[in-house]
Amino acid sequence: AGAYQYCSRCKTRGYCGVECQRAHWQEHRKVCRPPGAERESGEAARRVEGVALHGEAYKAYGSRAAARRSRFGARVGIRNEGNTCYLSSVVQALTYSPLASWVLEIEPIGNGPTAAGFNLMAELATHVRKVWGLNEALAASEVAALAKSGQPARRPATAEVSIAGTLLRCSRHAGHMEDAHECLTYVLARLLEACGVGYEGKQDDAWEKSTIVYDVFGLDLKQAVVCTSCQNASETPLSEMALRLNATLGLSDADMARATQVDHALERTLLAERRRRALRVLDDEDADADDPPDDPLPRADLASTPRAESTPPTSVEALLALFFESERIDDFECENCKHRGACEKRCGFAKPPNSLALYVDRVPAFGALFGKLNRVVAFDSTLDLAPFLADDHPAPLDAYHLYAIVTHLDVGGSTFFGHYVCYVRDATDRWWLLDDETVTPVPWAHVKHVNPYLLFYSKSPPDPCHHPSPRQDHPLPPDTDKDDHTAAPTDDDDDDD
């Protein structure tokens with residue numbers, strides 16, 4: 001089969017070839033918009049003023065959000081719109097994250113646009129409600145089929161949906177394959193932006209820590225430089241949304257030397273393909289709107305040529321221990337005793353997060369253009385963060401449970417070619433493999449052997465008021481209690497076309 005192609009202006013409409021695209025252009029031109037262009041019709045045109053997602057208002061829903069669980073599985077896949085597996089995998093992880101529980105409970109979620117022209121929180125909330133509703137309907141269909149036939153189905157009932165147009169447009173760059181971690185970073189930044197819609201004050205660090213996004217994913221770290229002479233500690237607070245763990249941590253010089261050995265023939269092949277693709281990207285800003293884009297952008301076919309990894313295995317706990325390992329600095333002048341000499345730099349969690357996103361950086365600075373470190377990183381379904389707390393943290397720590405994994409299936413050790421898939425865990429501890437449109441239940445025995453790129457852990461139970469607000473907003477009382485059921489939608493097409 002030939003390469004998958006799609007419109008190079010809107011980056012969302014797929015075609016089997018140039019002639020197919022040209023034949024459809026007169027119809028498609030009515031909805032073709034550049035990435036980031038705001039929809040001017042339908043639901044997006046009707047502005048809804050929602051609950052403030054900063055300060056105290058949203059926290060009134062905390063207890064209900066903490067109790068919300070995906071009891072009906074993860075049965076809904078997302079159609080690949082042409083090299084969008086990186087986005088699908090990130091959206092699937094967010095769909096079953098603690099943030100999803102919040103947006104399911106908060107009513108209403110405002111849809112006023114941000115400076116970027118869209119409201120990603122409103123789009124995500126629509127997607128989450130749609131997927132959770134379908135999960136419930138599909139689970140109910142299984143029960144009905146069992147009651148009718150008396151025999152359980154060989155495969156669980158599943159479905160697929162198109163991702164919302166705004167989610168697709170705001171996270172793609174010229175339609176190329178992208179990095180899932182970069183996508184996660186971008187999406188969280190746009191969700192944080194959406195928390196400020198309608199807020200007229202200064203959006204400083206204190207405001208950011210009062211938002212629902214930081215309450216879920218925010219990491220409060222503390223770095224201290226301790227003088228070995230007077231024991232004075234100079235402390236610096238640090239804030240992150242995800243923790244980056246370099247896969248090279250703990251490797252010896254000999255290990256690194258073996259890892260830098262690159263298949264140069266493969267490198268030349270991939271470089272030629274990258275140049276060919278780059279030449280196909282056209283600048284359409286000055287194009288005539290009556291003419292279709294000349295050359296749709298291709299989707300590279302995947303190959304099954306994984307590169308063997310020679311580096312010794314490690315684990316998430318070992319990488320965390322090396323990340324938080326204290327460091328000795330010899331030439332340091334203490335601001336308290338003025339002694340110049342050695343000091344010790346320490347780092348730890350000042351406050352344990354509600355949800356911990358870990359990024360395993362597998363792109364070391366080899367000097368190799370396409371090098372990826374496929375080092376085995378073992379992990380468990382639970383994680384103990386107690387060894388990584390700051391020295392003065394007094395509270396006991398609850399367990400963290402793994403709820404989602406994103407992994408990258410590379411082509412010959414390349415970071416430029418490959419495929420992202422997502423694994424998620426439901427409330428019954430059943431794991432699901434979400435590979436674009438394909439949904440497959442898988443046992444933990446399979447999941448625990450995948451090589452992770454992104455890992456998502458949640459605190460159990462979460463703290464609904466994790467970060468106190470510096471602003472005295474009036475809370476909005478929640479609606480009367482409602483059942484843990486979401487009506488299944490009748491239309492599964494939210495895309496632009």
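Miscellaneous remarks
- With the biggest extent put first, the Cα atoms of segment 105-163 measure 55, 22, 10 Å across the principal axes.
- Burial ranking of peptide ranges 320-331, 374-385, 87-98 (average Cβ count within 10 Å, highest at the top): 87-98, 374-385, 320-331
- The simple spin-label model puts a point 7 Å past each Cα toward its Cβ; for Glu160 and Ser460 those points are separated by 3.2 nm.
- Here each label is just a point 7 Å from Cα along the line to Cβ, and for Trp444 and Met256 those points are 3.7 nm apart.
- Vicinal HN-Hα couplings computed from phi for segment 322-337 (Karplus, 6.51 cos²θ - 1.76 cosθ + 1.60; Hz; Gly/Pro x): 6, 5, 8, 4, 5, 10, 8, 10, 7, 9, 9, 9, 6, 6, 8, 9
- 3J(HN,Hα) from dihedral phi, segment 76-90, Karplus parametrisation 6.51/-1.76/1.60, rounded to Hz, x for glycine, proline: 10, x, 10, 4, 7, 9, x, 6, 10, 5, 4, 6, 4, 5, 5
- In this structure, the residue pairs whose Cα-Cα separation is over 24 Å, taken from Lys59/Lys209; Lys59/Lys351; Lys222/Lys448; Lys59/Lys459; Lys59/Lys448; Lys202/Lys459, are Lys222/Lys448; Lys59/Lys448; Lys202/Lys459.
- Rg(Cα)/(2.2 N^0.38 Å) for segment 216-263, N = residue count: 1.84
- Computed from the C-beta positions of Gln223 and Ser141 and an R0 of 56 Å, the FRET efficiency is 0.60 to the nearest 0.05.
- Database remark: amide H of Ala242 closer than 5 angstrom to no amide H (H placed geometrically; neighbours at sequence offset of 5 or more, or on other chains; Pro and chain starts carry no H).
- Rounded to whole numbers, the Karplus 3J(HN,Hα) couplings from phi for segment 60-67 are 5, 9, x, 5, 5, 5, 5, 8 Hz, using 6.51 cos²θ - 1.76 cosθ + 1.60 with θ = phi - 60°, and x at Gly and Pro.
- The distance between label points at Ser326 and Leu249 comes to 1.8 nm (points 7 Å beyond Cα on the Cα→Cβ vector).
- Subtracting the Cα-Cα distance of Asp204 and Ser63 from their residue separation scaled by 0.36 nm leaves 48.0 nm.
- The chymotrypsin sites (Phe, Trp or Tyr not before Pro) of segment 184-260 include none that DSSP puts in a loop with a beta carbon having at most 10 other beta carbons within 10 Å.
- Estimated at 0.36 nm per residue, the fully extended path between Thr236 and Ser310 surpasses their Cα-Cα distance by 22.8 nm.
All of the numbers you see were taken from the coordinates with simple rules; none came from a lab. Values in this document were obtained by computation on a predicted structure and should not be read as measured data. Don't worry about glycine lacking a Cβ; one is built from the backbone with ideal geometry, like all the others, and counts go over all protein chains shown.
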